[in-house]
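Each remark here refers to the structure printed beneath this line.
The values are calculated or read from the model by the stated rules, or taken from the named source; none is laboratory data. Not measured: the values here are computed from a predicted model. Because the Cβ atoms are built from the backbone with ideal geometry, glycine has one as well, and the counts that use them run over all protein chains shown.
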Ligand SMILES: [Zn+2]
């Protein structure tokens with residue numbers, strides 16, 4: 001009954017599909033009118049392009065590569081080759097691997113519009129879908145345990161009152177930077193780095209306070225993901241955990257007034273419960289206001305960061321100093337990206 005009420009009030013939901021790619025990440029967002037956004041593409045062998053065809057995807061408005069590790073961009077070359085793409089966004093971190101080099105060549109050959117993500121950018125997509133880039137900062141982090149991970153593109157997706165936080169493989173230094181910038185709560189957390197113990201600190205999870213945590217990882221993976229501390233921290237703040245290694249493909253619907261898990265079993269659910277359907281409506285109470293009257297920036301917090309950072313790996317250069325007020329329009333689909 002609650003579900004019916006939610007859908008009828010706000011309209012068609014935005015669908016979040018966490019594809020079953022084993023040890024890797026790939027998330028497909030589908031807006032109410034059928035626009036598609038892909039964030040990461042798993043390893044090459046995980047066959048994301050094939051899965052997208054099977055799901056009926058014909059073109060991708062926006063493709064995001066959170067960082068250039070093979071478990072996130074391995075399948076990207078096939079995606080770029082096989083689908084029309086509105087724009088391709090990445091962290092700006094380069095990699096020496098053949099996978100990365102070949103992907104860059106293919107993007108260039110195909111004439112795909114490529115942009116570097118920076119905190120403060122706002123993707124104003126159709127269907128009242130807003131995507132805000134929270135990370136990386138204009139000056140990339142250096143000297144961390146993994147600079148590729150630390151500069152992962154972090155996105156906040158908003159649809160109505162519902163929120164999804166996509167974190168790539170961000171680790172503790174990134175979480176600390178996001179906290180300093182002023183992190184808002186969010187309903188769904190795509191848990192960083194396959195649940196690794198290098199991520200999902202207690203402070204970070206507390207700030208996000210997700211009702212639902214989704215983890216993409218391979219069964220019996222050699223990294224021992226997820227880390228005990230990650231699970232402990234998520235459970236401490238009452239997040240219901242969903243893991244692709246236990247149940248495969250996960251699907252959620254952001255109704256605009258609450259989140260519904262439509263495919264996927266929560267961790268710890270009774271194994272005799274065969275049908276992988278949950279209709280739990282998670283209440284919304286974690287919405288931030290999108291600015292109105294033409295001011296498309298929500299990165300006010302960028303300027304609030306203290307001038308003296310405790311970590312010298314984060315640069316203090318503000319967005320204003322490094323980017324011009326600008327934006328561009330997707331040639332193919334007409335939506336706008338703004339940054340201020
Ligand atoms: Zn990864």
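Considering the range 12-26, the residues that are within 11 Å of the ligand (Cβ to nearest atom) and buried (at least 24 other Cβ atoms within 10 Å of the Cβ) include one that is farthest from residue 166 (Cα to Cα), namely 21. I'm trying to understand the selection: among the residues of the range 86-109, which are in contact with a helix residue (DSSP H, G or I) (Cβ under 8 Å, 6 or more places away or on another chain) and either free of Cβ contacts under 8 Å to residues at least 24 places away in the same chain or surrounded by fewer than 16 Cβ atoms within 10 Å (Cβ to Cβ) (or both)? Passing the criteria: 94, 97, 102.
Taking every residue in the range 179-197 that is over 27 Å from residue 222 (Cβ atoms) and pairing it with any residue that is within 16 Å of the ligand (Cβ to nearest atom) and in a loop (DSSP other than H, G, I, E, B), at least 6 positions away or on another chain, yields no pair with a Cβ-Cβ distance below 6 Å. Give the range 1-25 a look and list any residue that's at pLDDT below 95, over 22 Å from residue 124 (Cβ atoms) and not in a helix (DSSP H, G or I), or say none. Of everything in the range 1-25, just one residue is at pLDDT below 95, over 22 Å from residue 124 (Cβ atoms) and not in a helix (DSSP H, G or I), namely 1.
Do we have residue 45 as crowded, with 24+ Cβ neighbours inside 10 Å, touching a residue at least 12 places away in the same chain (Cβ under 8 Å) and within 16 Å of the ligand (Cβ to nearest atom) here? Taking the combined requirement at face value, the residue does not satisfy it.
Condition check ((1) buried (at least 19 other Cβ atoms within 10 Å of the Cβ); (2) within 13 Å of the ligand (Cβ to nearest atom); (3) part of a strand (DSSP E or B)) across all residues:
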residue	(1), (2), (3)
139	no, no, no
170	yes, yes, no
176	no, no, no
185	no, no, no
203	no, no, no
221	no, yes, no
229	no, no, no
242	yes, no, yes
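Just one of the listed residues (134, 148) is more than 16 Å from the ligand (Cβ to nearest atom), at pLDDT 95 or above and under 18 Å from the mean Cα position of the chain (by Cα), and it is 134. Under the condition of being in a loop (DSSP other than H, G, I, E, B) and farther than 28 Å from residue 128 by Cα, the residues counted in the range 146-168 number 1. So, in the range 29-42, of the ones that are at negative phi and touching a helix residue (DSSP H, G or I) at 6+ places or on another chain (Cβ under 7 Å), which residue ends up nearest to the ligand (Cβ to nearest atom)? Out of the qualifying residues, it is 41.
If you go through the range 26-46 and keep only what is over 17 Å from residue 100 (Cα atoms) and either assigned to a loop (DSSP other than H, G, I, E, B) or at pLDDT below 95 (or both), you end up with 31, 32, 33, 34, 35.
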